[in-house]
1. If I filter region 197-228 down to residues being of a type in the set (Val, Ile, Thr) and in a loop (DSSP other than H, G, I, E, B), which single residue comes out as most open to solvent (accessible area, probe 1.4 Å)?
2. Do you know which of the residues in region 117-137 that are assigned to a strand (DSSP E or B) and touching a Lys or Arg at 6+ places or on another chain (Cβ under 8 Å) is nearest to residue 76 (Cα to Cα)?
3. Inside region 66-104, can you point out the residues that are closer than 25 Å to residue 135 by Cα, touching a residue at least 24 places away in the same chain (Cβ under 8 Å) and surrounded by fewer than 16 Cβ atoms within 10 Å (Cβ to Cβ)?
4. Could you tell me which of the residues 202, 181 is closer than 21 Å to residue 253 by Cβ, at pLDDT 95 or above and in contact with a strand residue (DSSP E or B) (Cβ under 6 Å, 6 or more places away or on another chain)?
5. Would you pick out the residues in region 274-286 that are open to solvent by 10 Å² or more (accessible area, probe 1.4 Å) and under 22 Å from residue 169 (Cβ atoms)?
6. For region 229-254, which residues satisfy the criterion of being assigned to a loop (DSSP other than H, G, I, E, B) and either over 19 Å from residue 216 (Cβ atoms) or open to solvent by 10 Å² or more (accessible area, probe 1.4 Å) (or both)?
7. Is at least one residue of region 110-129 open to solvent by 20 Å² or more (accessible area, probe 1.4 Å) and at positive phi?
8. Return the pair list, or none, for Cβ contacts closer than 9 Å from residues in region 258-272 that are over 12 Å from residue 306 (Cα atoms) and touching a residue at least 40 places away in the same chain (Cβ under 8 Å) to residues that are open to solvent by 20 Å² or more (accessible area, probe 1.4 Å) and among the basic types (Lys, Arg), at least 6 apart or on different chains.
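The values are calculated or read from the model by the stated rules, or taken from the named source; none is laboratory data. What you see is a predicted model; the values in this text were computed from it and never measured. Methodologically, a virtual Cβ is constructed for each residue, glycine included, from the backbone with ideal geometry; neighbour enumeration extends over all protein chains shown. With ligands, DNA and RNA removed, areas are computed over all heavy atoms of the protein, side chains included. Shrake-Rupley method; radii C 1.70, N 1.55, O 1.52, S 1.80 Å.
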Amino acid sequence: MKSIQYIILFLFIPGFIIAQSEGVKTPAPKPLFDDPVYHGAADPTIVWNKKAKKWWMFYTNRRAGDSTATGVTWVHGTDIGIAESADGVKWSYKGIANINYKPTKEYTYWAPAIVENKGLYHMYLTYVPGIFADWKHPRNIIHLTSKNLLDWKFESVVKLVTDKVIDACVYKLPDGTFRMWYNNEPDGKAVYYADSKDLYSWTDKGKAITDMPGEGPVVFKWNDKYWMIVDNWKGLGVYSSENLLDWKRQEERLVELPGKGKDDQSIGGHADVIVSNNRAYLFYFTHPGRNKTAPGTTEFEKRRSVIQVTELYYKDGKLSCDRDEACFIDLIPLK
């Protein structure tokens with residue numbers, strides 16, 4: 001009987017046998033994380049904290065419960081939230097990032113991207129100089145540095161093609177230099193890119209993706225290919241590249257069709273990917289109240305957002321995932 005049960009588990013919960021061998025017995029919950037303060041977690045980025053020896057999730061927060069909000073003011077006016085986990089399964093609220101750049105009385109922080117280089121962490125963060133009811137206002141990407149991931153020192157406003165740019169992603173190139181991808185809003189929300197030798201001075205290079213608009217690009221390497229995942233507002237678009245310059249789009253999008261898990265029935269948005277022990281995990285956010293079959297009835301339900309996770313799979317040159325499959329995530333500690 002035990003052998004029969006073992007086979008059934010293997011057939012109906014892909015990845016279970018592998019995960020069990022690594023000591024993982026509990027799948028990631030749905031949702032993975034719900035911010036306890038504003039219930040508006042979005043745009044996650046995951047990084048290993050060497051000092052704390054924990055995984056930290058930095059995320060945009062939205063004031064989903066603000067009953068006085070007009071227009072899109074509820075998407076503005078918050079700091080960057082932090083959650084903490086030992087293995088990627090259970091996350092607890094840590095607080096907010098201490099960012100010392102506040103040139104205006106009212107301000108907004110969005111979409112942090114973090115890269116570590118020579119023992120120093122660099123954050124590229126969207127800064128909006130106020131709390132606004134519409135989208136017609138400047139926003140820049142600012143550069144911050146930190147030694148502990150908690151306290152952040154302002155370095156500069158990154159000079160890019162316009163003063164309406166958001167959603168940076170920074171990746172270290174094979175030659176030791178760095179590339180930033182970001183969203184250029186005035187140009188039809190196209191994904192642009194810029195290069196840097198030192199993470200401080202950047203040179204714009206133009207469009208990275210030309211076939212369709214998108215935001216929140218994230219770039220990573222897996223299975224001997226480079227990948228870019230972009231939020232197309234109807235699921236996540238997937239591109240692959242051999243050289244980090246020429247990007248080929250795959251037809252199928254990720255987390256576009258509704259899932260069945262708790263708070264996972266709406267499209268997935270602005271994601272991050274962590275590759276650990278040659279397995280890849282997609283962290284994305286959803287607006288549970290924007291479920292077409294059972295939409296939220298209050299403003300809070302429509303605005304509320306949570307973080308979810310699913311495992312990515314590679315086959316025949318393409319990426320896929322099953323958001324309804326149990327995700328036995330196991331993020332391995334880094335040195």
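1. Of region 197-228, the ones of a type in the set (Val, Ile, Thr) are 203, 209-210, 218-219.
With the extra rule that they be in a loop (DSSP other than H, G, I, E, B), the set shrinks to 209-210.
Numbers: 209: 9, 210: 116 Å².
The residue in question is 210.
2. The first filter runs over region 117-137 and keeps only residues assigned to a strand (DSSP E or B), leaving 117, 120-128.
From the residues that got through so far, the ones that are touching a Lys or Arg at 6+ places or on another chain (Cβ under 8 Å) too are 117, 120-121, 126-128.
Working: 117: 30, 120: 29, 121: 25, 126: 11, 127: 10, 128: 8 Å.
Among those that are assigned to a strand (DSSP E or B) and touching a Lys or Arg at 6+ places or on another chain (Cβ under 8 Å), it is 128.
3. 67, 70, 71, 72, 100, 103, 104
4. Numbers: 202 fails: closer than 21 Å to residue 253 by Cβ.
Criteria check complete, one pass: 181.
5. 274, 275, 278, 279, 285
6. If the condition is that a residue be assigned to a loop (DSSP other than H, G, I, E, B) and either over 19 Å from residue 216 (Cβ atoms) or open to solvent by 10 Å² or more (accessible area, probe 1.4 Å) (or both), then 233, 234, 242, 243, 245, 246, 247, 250, 251, 252, 253 are the ones that fit.
7. Checking region 110-129: at least one residue is open to solvent by 20 Å² or more (accessible area, probe 1.4 Å) and at positive phi.
8. The qualifying pairs are 259/30; 261/30.
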